[in-house]
Amino acid sequence: MTETTALQAAARAVARTLGDKDIQSLLERVAKEAGPLAAEGRVADYIPALGKVSAEKFGLAVHFHDGREFAVGDADERFSVQSVSKVFNLAIALDWIGDSLWERVGREPSGTSFNSLILLEQERGIPRNPFINPGAIVVVDALLARFPFYTQQLRNMMRRLSGDADVLYDEEVWHSERRHGDLNRAMAWLLKAKGNLSCPPHDTLDVYFRGCSLSMSCRALARAGRFLVGGDGEWPLSNAPGRRRRIHSVMRLCGLYDAAGDFAYRVGLPAKSGVGGGILAIVPSVCSICVWSPALDAKGNSLAGVRALELLVASQIAG
Ligand code: DON
(Lines give C-alpha, C1' and ligand atoms only; values in the text may rest on other atoms or scores of the structure.)
Protein backbone atom coordinates (compact mmCIF):
# COMPACT_ATOMS: atom_id res chain seq x y z
CA MET A 1 0.00 0.00 0.00
CA THR A 2 1.45 3.40 -0.93
CA GLU A 3 1.67 6.18 1.63
CA THR A 4 -1.20 8.05 -0.05
CA THR A 5 -3.56 5.09 -0.11
CA ALA A 6 -2.67 4.29 3.50
CA LEU A 7 -3.53 7.86 4.49
CA GLN A 8 -6.76 7.73 2.52
CA ALA A 9 -7.72 4.44 4.14
CA ALA A 10 -7.01 5.97 7.55
CA ALA A 11 -9.09 9.07 6.75
CA ARG A 12 -11.90 6.84 5.59
CA ALA A 13 -11.75 4.76 8.74
CA VAL A 14 -11.87 7.90 10.91
CA ALA A 15 -14.82 9.30 8.94
CA ARG A 16 -16.63 5.97 9.39
CA THR A 17 -16.30 6.17 13.16
CA LEU A 18 -18.03 9.56 13.27
CA GLY A 19 -21.68 9.30 14.15
CA ASP A 20 -24.27 11.14 12.09
CA LYS A 21 -25.01 13.46 15.00
CA ASP A 22 -21.30 14.35 15.42
CA ILE A 23 -21.05 15.27 11.77
CA GLN A 24 -24.24 17.32 11.75
CA SER A 25 -23.22 19.25 14.86
CA LEU A 26 -19.74 19.82 13.41
CA LEU A 27 -21.27 21.36 10.27
CA GLU A 28 -23.49 23.55 12.41
CA ARG A 29 -20.48 24.78 14.41
CA VAL A 30 -18.55 25.47 11.23
CA ALA A 31 -21.48 27.42 9.74
CA LYS A 32 -21.82 29.47 12.92
CA GLU A 33 -18.14 30.34 13.05
CA ALA A 34 -17.43 30.90 9.34
CA GLY A 35 -20.73 32.48 8.17
CA PRO A 36 -20.25 35.91 9.79
CA LEU A 37 -16.97 36.43 7.87
CA ALA A 38 -19.15 37.28 4.87
CA ALA A 39 -19.54 40.77 6.35
CA GLU A 40 -15.91 41.43 5.38
CA GLY A 41 -16.34 40.47 1.72
CA ARG A 42 -18.17 41.69 -1.37
CA VAL A 43 -20.66 39.95 -3.62
CA ALA A 44 -19.42 39.92 -7.26
CA ASP A 45 -21.24 42.54 -9.29
CA TYR A 46 -19.16 42.70 -12.48
CA ILE A 47 -21.92 40.45 -13.83
CA PRO A 48 -24.91 42.54 -12.68
CA ALA A 49 -27.22 39.53 -12.19
CA LEU A 50 -24.81 38.08 -9.61
CA GLY A 51 -24.86 41.28 -7.57
CA LYS A 52 -28.50 40.70 -6.59
CA VAL A 53 -27.70 37.79 -4.27
CA SER A 54 -27.77 38.38 -0.49
CA ALA A 55 -24.31 38.32 1.10
CA GLU A 56 -25.82 36.63 4.16
CA LYS A 57 -26.52 33.32 2.48
CA PHE A 58 -24.48 30.37 3.72
CA GLY A 59 -24.83 26.75 2.74
CA LEU A 60 -22.67 23.69 3.34
CA ALA A 61 -23.18 20.12 2.15
CA VAL A 62 -21.00 17.05 2.55
CA HIS A 63 -21.53 13.85 0.58
CA PHE A 64 -19.58 10.82 1.82
CA HIS A 65 -18.28 7.95 -0.31
CA ASP A 66 -20.75 5.62 1.44
CA GLY A 67 -23.73 7.78 0.46
CA ARG A 68 -24.22 9.54 3.79
CA GLU A 69 -25.09 13.17 3.26
CA PHE A 70 -25.19 16.16 5.61
CA ALA A 71 -26.23 19.75 5.01
CA VAL A 72 -26.72 23.00 6.91
CA GLY A 73 -27.97 26.53 6.25
CA ASP A 74 -28.93 27.40 2.69
CA ALA A 75 -27.55 24.15 1.27
CA ASP A 76 -30.68 23.54 -0.80
CA GLU A 77 -30.86 26.98 -2.36
CA ARG A 78 -29.64 27.29 -5.94
CA PHE A 79 -26.81 29.65 -6.74
CA SER A 80 -24.69 30.48 -9.77
CA VAL A 81 -22.08 27.75 -10.21
CA GLN A 82 -19.77 30.02 -12.28
CA SER A 83 -16.19 28.73 -12.45
CA VAL A 84 -16.94 25.57 -10.48
CA SER A 85 -18.33 24.40 -13.85
CA LYS A 86 -14.76 24.44 -15.21
CA VAL A 87 -13.84 21.31 -13.30
CA PHE A 88 -16.76 19.44 -14.87
CA ASN A 89 -15.88 20.71 -18.35
CA LEU A 90 -12.31 19.52 -17.79
CA ALA A 91 -13.40 16.08 -16.58
CA ILE A 92 -15.79 15.71 -19.52
CA ALA A 93 -13.14 16.85 -22.03
CA LEU A 94 -10.56 14.40 -20.66
CA ASP A 95 -13.13 11.64 -20.85
CA TRP A 96 -14.55 12.39 -24.27
CA ILE A 97 -11.53 13.84 -26.06
CA GLY A 98 -8.59 12.45 -24.09
CA ASP A 99 -5.08 13.65 -23.38
CA SER A 100 -4.74 15.48 -26.72
CA LEU A 101 -6.50 18.32 -24.85
CA TRP A 102 -3.11 19.08 -23.24
CA GLU A 103 -1.73 20.13 -26.64
CA ARG A 104 -3.96 23.21 -26.40
CA VAL A 105 -3.84 24.06 -22.71
CA GLY A 106 -1.19 23.71 -19.98
CA ARG A 107 -1.50 22.43 -16.44
CA GLU A 108 0.72 24.86 -14.56
CA PRO A 109 -0.50 27.35 -11.98
CA SER A 110 -0.68 30.84 -13.43
CA GLY A 111 -0.29 33.05 -10.38
CA THR A 112 -2.68 35.43 -12.12
CA SER A 113 -6.32 36.29 -11.61
CA PHE A 114 -8.89 34.19 -13.45
CA ASN A 115 -9.48 36.86 -16.09
CA SER A 116 -5.93 38.00 -16.80
CA LEU A 117 -4.86 38.33 -20.43
CA ILE A 118 -1.16 38.93 -19.88
CA LEU A 119 0.20 35.38 -20.05
CA LEU A 120 -1.92 34.49 -23.04
CA GLU A 121 -0.10 36.99 -25.23
CA GLN A 122 3.32 36.07 -23.81
CA GLU A 123 2.77 32.33 -24.16
CA ARG A 124 1.54 32.41 -27.75
CA GLY A 125 -2.08 31.56 -27.10
CA ILE A 126 -1.58 28.42 -24.97
CA PRO A 127 -3.36 29.15 -21.67
CA ARG A 128 -1.47 28.08 -18.54
CA ASN A 129 -4.24 25.86 -17.22
CA PRO A 130 -7.88 24.83 -17.81
CA PHE A 131 -9.27 26.92 -14.93
CA ILE A 132 -8.16 30.45 -15.81
CA ASN A 133 -10.72 31.87 -18.22
CA PRO A 134 -8.71 31.48 -21.47
CA GLY A 135 -7.98 27.85 -20.55
CA ALA A 136 -11.62 27.17 -19.75
CA ILE A 137 -12.63 28.77 -23.05
CA VAL A 138 -10.23 26.45 -24.93
CA VAL A 139 -11.65 23.39 -23.13
CA VAL A 140 -15.21 24.39 -24.06
CA ASP A 141 -14.10 25.12 -27.63
CA ALA A 142 -12.54 21.65 -27.95
CA LEU A 143 -15.80 20.11 -26.72
CA LEU A 144 -18.04 22.25 -28.90
CA ALA A 145 -15.97 21.49 -32.02
CA ARG A 146 -16.69 17.75 -31.55
CA PHE A 147 -20.06 17.88 -29.83
CA PRO A 148 -22.30 20.57 -31.38
CA PHE A 149 -24.95 19.95 -28.70
CA TYR A 150 -22.53 20.27 -25.81
CA THR A 151 -24.75 22.81 -24.02
CA GLN A 152 -27.48 20.18 -23.60
CA GLN A 153 -24.94 17.45 -22.90
CA LEU A 154 -23.33 19.44 -20.08
CA ARG A 155 -26.69 20.11 -18.44
CA ASN A 156 -27.62 16.43 -18.78
CA MET A 157 -24.29 15.34 -17.33
CA MET A 158 -24.80 17.66 -14.34
CA ARG A 159 -28.28 16.18 -13.89
CA ARG A 160 -26.90 12.64 -13.98
CA LEU A 161 -23.98 13.36 -11.66
CA SER A 162 -26.09 15.22 -9.10
CA GLY A 163 -29.25 13.14 -9.41
CA ASP A 164 -31.10 16.46 -9.66
CA ALA A 165 -33.36 16.51 -12.71
CA ASP A 166 -33.97 20.23 -12.20
CA VAL A 167 -30.42 21.44 -12.90
CA LEU A 168 -30.94 24.45 -15.16
CA TYR A 169 -29.12 27.29 -16.85
CA ASP A 170 -30.07 30.61 -15.27
CA GLU A 171 -31.15 32.69 -18.26
CA GLU A 172 -30.77 36.01 -16.46
CA VAL A 173 -27.18 35.25 -15.42
CA TRP A 174 -26.38 33.99 -18.92
CA HIS A 175 -27.69 37.14 -20.60
CA SER A 176 -26.05 39.37 -18.02
CA GLU A 177 -22.70 37.69 -18.52
CA ARG A 178 -22.97 37.85 -22.32
CA ARG A 179 -23.68 41.57 -22.11
CA HIS A 180 -20.78 42.23 -19.74
CA GLY A 181 -18.26 39.70 -21.04
CA ASP A 182 -15.90 41.96 -22.98
CA LEU A 183 -12.77 40.64 -21.30
CA ASN A 184 -13.73 37.06 -22.12
CA ARG A 185 -14.50 38.18 -25.66
CA ALA A 186 -11.01 39.71 -25.91
CA MET A 187 -9.51 36.40 -24.73
CA ALA A 188 -11.49 34.36 -27.24
CA TRP A 189 -10.41 36.60 -30.15
CA LEU A 190 -6.78 36.49 -29.00
CA LEU A 191 -7.00 32.69 -28.84
CA LYS A 192 -8.40 32.70 -32.36
CA ALA A 193 -5.64 35.01 -33.62
CA LYS A 194 -3.06 32.61 -32.13
CA GLY A 195 -4.69 29.61 -33.81
CA ASN A 196 -6.05 28.04 -30.61
CA LEU A 197 -9.79 28.35 -31.17
CA SER A 198 -11.67 26.05 -33.58
CA CYS A 199 -15.21 27.43 -33.40
CA PRO A 200 -16.35 31.01 -33.98
CA PRO A 201 -15.51 32.97 -30.78
CA HIS A 202 -19.13 33.98 -30.32
CA ASP A 203 -20.31 30.34 -30.33
CA THR A 204 -17.62 29.12 -27.95
CA LEU A 205 -18.29 31.98 -25.53
CA ASP A 206 -22.02 31.34 -25.54
CA VAL A 207 -21.36 27.78 -24.38
CA TYR A 208 -18.69 28.90 -21.87
CA PHE A 209 -21.19 31.39 -20.39
CA ARG A 210 -23.82 28.64 -20.26
CA GLY A 211 -21.59 26.54 -18.01
CA CYS A 212 -21.02 29.54 -15.73
CA SER A 213 -24.79 30.13 -15.53
CA LEU A 214 -25.58 26.63 -14.23
CA SER A 215 -27.82 27.02 -11.23
CA MET A 216 -27.37 24.37 -8.52
CA SER A 217 -27.50 23.96 -4.75
CA CYS A 218 -24.63 22.98 -2.45
CA ARG A 219 -26.28 19.60 -1.96
CA ALA A 220 -26.52 18.98 -5.72
CA LEU A 221 -22.95 20.14 -6.37
CA ALA A 222 -21.54 18.01 -3.56
CA ARG A 223 -23.35 15.01 -5.09
CA ALA A 224 -22.10 15.94 -8.56
CA GLY A 225 -18.53 16.03 -7.20
CA ARG A 226 -18.88 12.51 -5.80
CA PHE A 227 -17.27 10.99 -8.91
CA LEU A 228 -14.03 12.78 -7.94
CA VAL A 229 -13.98 11.19 -4.47
CA GLY A 230 -13.34 7.63 -5.65
CA GLY A 231 -14.35 4.39 -4.05
CA ASP A 232 -17.18 2.13 -5.11
CA GLY A 233 -19.84 3.15 -7.55
CA GLU A 234 -20.51 3.55 -11.23
CA TRP A 235 -19.82 7.03 -12.55
CA PRO A 236 -20.49 8.43 -15.98
CA LEU A 237 -17.02 10.07 -15.95
CA SER A 238 -13.34 9.68 -15.16
CA ASN A 239 -13.01 5.95 -14.95
CA ALA A 240 -9.66 5.88 -16.73
CA PRO A 241 -6.76 4.88 -14.47
CA GLY A 242 -5.16 7.90 -12.82
CA ARG A 243 -7.69 10.36 -14.24
CA ARG A 244 -9.19 11.30 -10.90
CA ARG A 245 -5.78 11.86 -9.30
CA ARG A 246 -4.75 14.06 -12.23
CA ILE A 247 -7.87 16.19 -11.96
CA HIS A 248 -7.19 16.55 -8.23
CA SER A 249 -3.69 17.78 -9.06
CA VAL A 250 -4.98 20.48 -11.40
CA MET A 251 -7.54 21.51 -8.78
CA ARG A 252 -4.87 21.73 -6.08
CA LEU A 253 -2.54 23.83 -8.18
CA CYS A 254 -4.96 25.99 -10.15
CA GLY A 255 -8.42 25.74 -8.58
CA LEU A 256 -8.23 29.04 -6.69
CA TYR A 257 -6.13 31.01 -9.20
CA ASP A 258 -3.69 33.44 -7.57
CA ALA A 259 -4.86 32.30 -4.14
CA ALA A 260 -4.04 28.63 -4.85
CA GLY A 261 -0.90 28.72 -2.68
CA ASP A 262 -2.62 30.32 0.29
CA PHE A 263 -5.56 27.92 -0.05
CA ALA A 264 -3.20 24.92 -0.23
CA TYR A 265 -1.47 26.14 2.92
CA ARG A 266 -4.68 26.71 4.83
CA VAL A 267 -6.87 23.89 3.51
CA GLY A 268 -4.76 21.59 1.33
CA LEU A 269 -7.61 19.94 -0.58
CA PRO A 270 -8.25 19.77 -4.32
CA ALA A 271 -10.90 22.45 -4.87
CA LYS A 272 -12.53 24.76 -7.39
CA SER A 273 -14.08 28.12 -6.60
CA GLY A 274 -16.53 30.31 -8.49
CA VAL A 275 -17.43 33.99 -8.27
CA GLY A 276 -20.99 32.98 -7.34
CA GLY A 277 -19.40 32.18 -3.95
CA GLY A 278 -19.39 28.40 -4.27
CA ILE A 279 -16.39 26.13 -3.63
CA LEU A 280 -16.32 22.42 -4.39
CA ALA A 281 -13.63 20.58 -2.40
CA ILE A 282 -12.72 16.90 -2.47
CA VAL A 283 -11.33 14.78 0.34
CA PRO A 284 -9.99 11.87 -1.76
CA SER A 285 -11.64 8.57 -0.87
CA VAL A 286 -13.73 10.23 1.85
CA CYS A 287 -16.17 12.92 0.74
CA SER A 288 -17.15 15.74 -1.55
CA ILE A 289 -17.87 19.10 0.09
CA CYS A 290 -19.66 22.11 -1.34
CA VAL A 291 -19.80 25.40 0.52
CA TRP A 292 -21.56 28.56 -0.62
CA SER A 293 -21.29 32.10 0.72
CA PRO A 294 -21.51 34.82 -1.95
CA ALA A 295 -19.26 37.48 -0.37
CA LEU A 296 -15.81 37.24 -1.95
CA ASP A 297 -12.29 38.27 -1.00
CA ALA A 298 -10.13 40.47 -3.24
CA LYS A 299 -9.13 37.46 -5.37
CA GLY A 300 -12.69 36.38 -6.09
CA ASN A 301 -12.97 33.46 -3.67
CA SER A 302 -15.65 33.05 -1.03
CA LEU A 303 -14.33 34.42 2.28
CA ALA A 304 -16.58 32.41 4.56
CA GLY A 305 -16.35 29.42 2.22
CA VAL A 306 -12.56 29.18 2.52
CA ARG A 307 -12.79 29.62 6.29
CA ALA A 308 -15.42 26.88 6.54
CA LEU A 309 -13.15 24.48 4.65
CA GLU A 310 -10.25 25.45 6.88
CA LEU A 311 -12.35 24.58 9.94
CA LEU A 312 -13.46 21.30 8.40
CA VAL A 313 -9.93 20.11 7.67
CA ALA A 314 -9.04 20.82 11.26
CA SER A 315 -11.80 18.37 12.22
CA GLN A 316 -11.87 14.61 11.88
CA ILE A 317 -13.92 14.68 8.67
CA ALA A 318 -11.17 15.89 6.45
CA GLY A 319 -8.11 16.16 8.67
O1 DON B 1 -15.71 34.28 -16.87
C2 DON B 1 -16.21 34.86 -15.92
O3 DON B 1 -15.94 36.01 -15.68
C4 DON B 1 -17.15 34.14 -14.97
N5 DON B 1 -18.30 33.74 -15.58
C6 DON B 1 -16.55 33.00 -14.24
C7 DON B 1 -15.57 33.53 -13.30
C8 DON B 1 -15.35 32.74 -12.08
O9 DON B 1 -16.23 32.19 -11.46
C10 DON B 1 -13.96 32.80 -11.64
N11 DON B 1 -13.75 32.08 -10.42
N12 DON B 1 -13.58 32.39 -9.33
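Which residues, taken from the range 123-143, are near the ligand (Cβ under 10 Å from one of its atoms) and either outside any helix (DSSP H, G or I) or over 18 Å from the mean Cα position of the chain (by Cα) (or both)?
Phe131, Ile132
Out of (1) in a helix (DSSP H, G or I); (2) crowded, with 22+ Cβ neighbours inside 10 Å; (3) not aromatic (Phe, Trp, Tyr), what's the single condition that is false for Pro36?
That leaves (2) as the condition not met.
Can you give me the number of residues within the range 90-102 that are open to solvent by 40 Å² or more (accessible area, probe 1.4 Å) and either touching a residue at least 12 places away in the same chain (Cβ under 8 Å) or under 17 Å from Leu190 (Cα atoms) (or both)?
Result for the range 90-102: 2.
Any chance you could count how many residues in the range 182-230 are within 18 Å of Leu117 (Cα to Cα) and touching a residue at least 40 places away in the same chain (Cβ under 8 Å)?
Final tally of qualifying residues: 15.
Can you tell me how many residues within the range 266-282 are more than 20 Å from Pro48 (Cβ to Cβ) and open to solvent by 10 Å² or more (accessible area, probe 1.4 Å)?
Summing the residues that are more than 20 Å from Pro48 (Cβ to Cβ) and open to solvent by 10 Å² or more (accessible area, probe 1.4 Å) in the range 266-282 gives 4.
Just the residues that are open to solvent by less than 10 Å² (accessible area, probe 1.4 Å) and within 16 Å of the ligand (Cβ to nearest atom), please, taken from the range 283-299.
Cys290, Val291, Trp292, Ser293, Pro294, Ala295
Restricting attention to the range 92-118, and to residues there that are at pLDDT below 95 and hydrophobic (A, V, I, L, M, F, W, C), which single residue is farthest from the ligand (Cβ to nearest atom)?
Ile118
Taking the range 39-60 as the region of interest, how many residues are in contact with a helix residue (DSSP H, G or I) (Cβ under 7 Å, 6 or more places away or on another chain) and open to solvent by 80 Å² or more (accessible area, probe 1.4 Å)?
3
Identify the residue in the range 157-193 that is exposed (fewer than 14 other Cβ atoms within 10 Å of the Cβ) and closer than 18 Å to Leu221 by Cβ and, among all such residues, is nearest to the chain's Cα centre (by Cα).
Out of the qualifying residues, it is Gly163.
Checking the conditions here, which among Val43, Val81, Val30 is under 17 Å from Ala220 (Cβ atoms), touching a strand residue (DSSP E or B) at 6+ places or on another chain (Cβ under 8 Å) and among the hydrophobic types (A, V, I, L, M, F, W, C)?
Val81
The values are calculated or read from the model by the stated rules, or taken from the named source; none is laboratory data. All of these numbers come straight from a predicted model, not from anything done at the bench. In this analysis, Cβ positions are derived from the backbone assuming ideal geometry, glycine residues included, and neighbour counts consider all displayed protein chains. Please note that ligands, DNA and RNA were not included when accessible areas were found on the heavy atoms of the full protein model with its side chains. Shrake-Rupley method; radii C 1.70, N 1.55, O 1.52, S 1.80 Å.
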